[in-house]
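The block underneath contains the structure these notes are about, expressed in structure tokens.
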Amino acid sequence: MPEFINSIIVSIIYTSLSTILSFLIGLGLALLLNEEFKGRNLIRTLIVIPLAIPAVVAGFSWKFILSSEVGIIGAYLLRYLLNLNVAPLAYPTLALGCVILADIWAKTPLMFLILLAGLQAIPKDLYDAAKVDGGTSWKNFRYITLPLLRPLAIIALIIRVIDAFNSFDIIFCMTKGGPGTATQTLPLLGWKIGFLYYNIGEAAALAVLMIFMIIILSNVLIRYAIR
Amino acid sequence: MINKQVRVYNIFRKIVIYVFSSIYIVFTLFPIVWVIQSSFKDTHQIFQIPPLLIFEPTLESYEKLFRGEIFQIFLNSLLIATLNTIFVIVLSIFAAYSLARFKTKASKNIGFWILSIRFAPAFAIIVPFYIMMYYLKLLDTIIAVVIAHMTFNLPLAIWMLKGYFEELPVEIEEAAMIDGATRTETLIKIIIPISTPMIFAVSILTFLFSWNEFLFAFILTSRDARTIPVLILALSGTHKLDWPMMAAVSTIAIIPAFLFIHSVQKYIVRGLTLGAIK
């Protein structure tokens, strides 16, 4: 069944890119905002906003911005300023990239908050001790921050992988899995089989397969965490 | 000399922090702000290129909204989120208290089972749910959506409250029980009052997640019980998109988020990770 294989590939690309990028951006932000400075709380609150708004609105906002009719990026920047005649959401590879971008936008704050909590739990005297021994920033990061952050980072990754793998709302709102099947991840394929073609049994089978995939995936990550 | 170097380094550090966090904040807020400002444009203004930054705002879309069926949908969303919050809080207080205080071999497993529901694909839950609701003849009713939203909000509330109750000292309860209070009395008269801040936070999160939820509401409703997220999608499916109208509905949909973001900010990680991270 080629559509199933296609969806697995799309899901893998979507999940891995979205997880890795949002994790790295979240880590970067957490490291930045771990310092004390004026306006930190305000910045934190602003960064967290995407977590509280409906995923459908997130999807719509991006669709709106990227639209080649009215969007400030799609119509103004790409078409008017750069004179490129592309509609981001109508071109398969670009559409996948855009959907991933929206997902990163929506979920990075969670990575940021988890990792920030982890950073703040690291005792400050460790860094003071390292300073006495002449540790550089990089060495501090490599030998103190990373190892102590690792358990929480793994939890963050597991949560993120599961979320991305199950992600439905944003993709559905932006592309409905299209153009063609370019952004059709497994949950979207399931929706299509179950509620568009009304093959409820087949959709249930897919759901069971997805549960197994998640169990395997998170077990691999947990193994890696314990080692 | 060294002092000066340190000072320059610190200033440099601050600049880096401010520059990068500003870039990220622009990235985060831009889509939202753009949608909000577009909701005050009319159809003509929204199609103008280059996009208008300064324009005469109109409330046209909002007027259209409240004249139509959308008011009913708004009420549906409100009712579903409120009912869901009430049921979830009442059930989860008792469930969380018993999981926190009566430790048996089974209670750990029950805890894990509750948790695993959160990580199952929503899709795996919705299929059997749809079949059940079909045979109960509850499709397209508010009750169906309320029950469906409990599948993810109940584990969340139970795990957050369980963690909180476990941290409360048992001594207070023991003291009350020595004075002749029963378990239930202790829970209602002592535990619940001291847990008000947490219960409040859990209620807000529950409300917010129910208000924001899309997939369950989308699959279980067709006309009468639609919620705001479902409406946004229905509007985007029409052939000729009414962009200002969609922007207006989206703006209404994010009102609760902006009202509550400040008070739930501290708890949102706990909620989304089911208490795994505090």
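The values are calculated or read from the model by the stated rules, or taken from the named source; none is laboratory data. All values reported here derive from a predicted model rather than from experimental measurement. Note that we place each Cβ from the backbone using ideal geometry, even for glycine, and neighbour counts take in every protein chain shown.
Things worth noting here:
- Among the candidates B:I117, B:I125, B:I143, B:I131, the residue that is surrounded by fewer than 17 Cβ atoms within 10 Å (Cβ to Cβ), in contact (Cβ under 8 Å) with a residue 12 or more places away in the chain and not aromatic (F, W, Y) is uniquely B:I117.
- Failed criterion for A:F112 (all others in (1) more than 10 Å from chain B (Cβ to nearest Cβ); (2) touching a residue at least 12 places away in the same chain (Cβ under 8 Å) hold): (1)
- Residue ranges of helices (runs of 4 or more DSSP H) in segment A:116-227 with at least 3 members closer than 30 Å to A:A90 by Cα and at the interface with another protein chain (Cβ under 9 Å from one of its Cβ atoms): A:146-166, A:169-174, A:186-191, A:200-226
- Residue count, segment B:57-71 (criterion: in contact with a helix residue (DSSP H, G or I) (Cβ under 9 Å, 6 or more places away or on another chain) and part of a helix (DSSP H, G or I)): 8
Rundown of residues vs (1) among the β-branched types (V, I, T); (2) in contact with a His (Cβ under 9 Å, 6 or more places away or on another chain); (3) outside the structural domain of B:F112 (by TED's automatic domain parsing); (4) surrounded by 15 or more Cβ atoms within 10 Å (Cβ to Cβ), yes/no style:
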| residue | (1), (2), (3), (4) |
| --- | --- |
| B:L154 | no, no, no, yes |
| B:G163 | no, no, no, yes |
| B:E171 | no, no, no, no |
| B:E174 | no, no, no, no |
| B:D179 | no, no, no, no |
| B:T186 | yes, no, no, yes |
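Conditions tested, residue by residue: (1) charged (D, E, K, R); (2) surrounded by fewer than 23 Cβ atoms within 10 Å (Cβ to Cβ); (3) modelled with pLDDT of 85 or more.
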{"position": "B:N212", "(1), (2), (3)": "no, no, yes"}
{"position": "B:D224", "(1), (2), (3)": "yes, yes, yes"}
{"position": "B:L235", "(1), (2), (3)": "no, yes, no"}
{"position": "B:A276", "(1), (2), (3)": "no, yes, no"}
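- Each residue in segment B:119-164 was checked for being away from chain A (no Cβ under 12 Å) and within 22 Å of the chain's Cα centre (by Cα), and 24 pass.
- Considering residues of segment A:70-85 that are facing chain B (nearest Cβ under 7 Å) and out of contact with any helix residue (DSSP H, G or I) (no Cβ under 6 Å at 6 or more places or on another chain) only, the residue surrounded by the fewest Cβ atoms within 10 Å (Cβ to Cβ): A:Y80
- Test: B:I172 is within 29 Å of B:R226 (Cβ to Cβ), aliphatic (A, V, I, L, M), more than 25 Å from the chain's Cα centre (by Cα) and in a helix (DSSP H, G or I): no
- Hits in segment B:196-228 - residues which are aliphatic (A, V, I, L, M), closer than 12 Å to B:V264 by Cβ and either within 14 Å of the chain's Cα centre (by Cα) or assigned to a loop (DSSP other than H, G, I, E, B) (or both): B:A201, B:V202, B:I204, B:L205, B:L208
- Residue within segment B:72-93 that is within 30 Å of A:S67 (Cα to Cα), aliphatic (A, V, I, L, M) and either touching a residue at least 40 places away in the same chain (Cβ under 8 Å) or outside any loop (DSSP other than H, G, I, E, B) (or both) present: yes
- Sub-6 Å Cβ pairs linking a first residue in segment B:244-272 that is assigned to a loop (DSSP other than H, G, I, E, B) to a second residue that is aliphatic (A, V, I, L, M), at least 6 apart or interchain, are B:I254/A:I53; B:I254/A:V57; B:Q265/A:V48; B:Y267/B:A201, ordered by first then second residue.
- If you go through segment B:60-74 and keep only what is farther than 14 Å from B:V230 by Cβ and among the aliphatic types (A, V, I, L, M), you end up with just B:L65.
- Residue count, segment B:28-53 (criterion: at the interface with chain A (Cβ under 7 Å from one of its Cβ atoms) and within 28 Å of A:F112 (Cα to Cα)): 6
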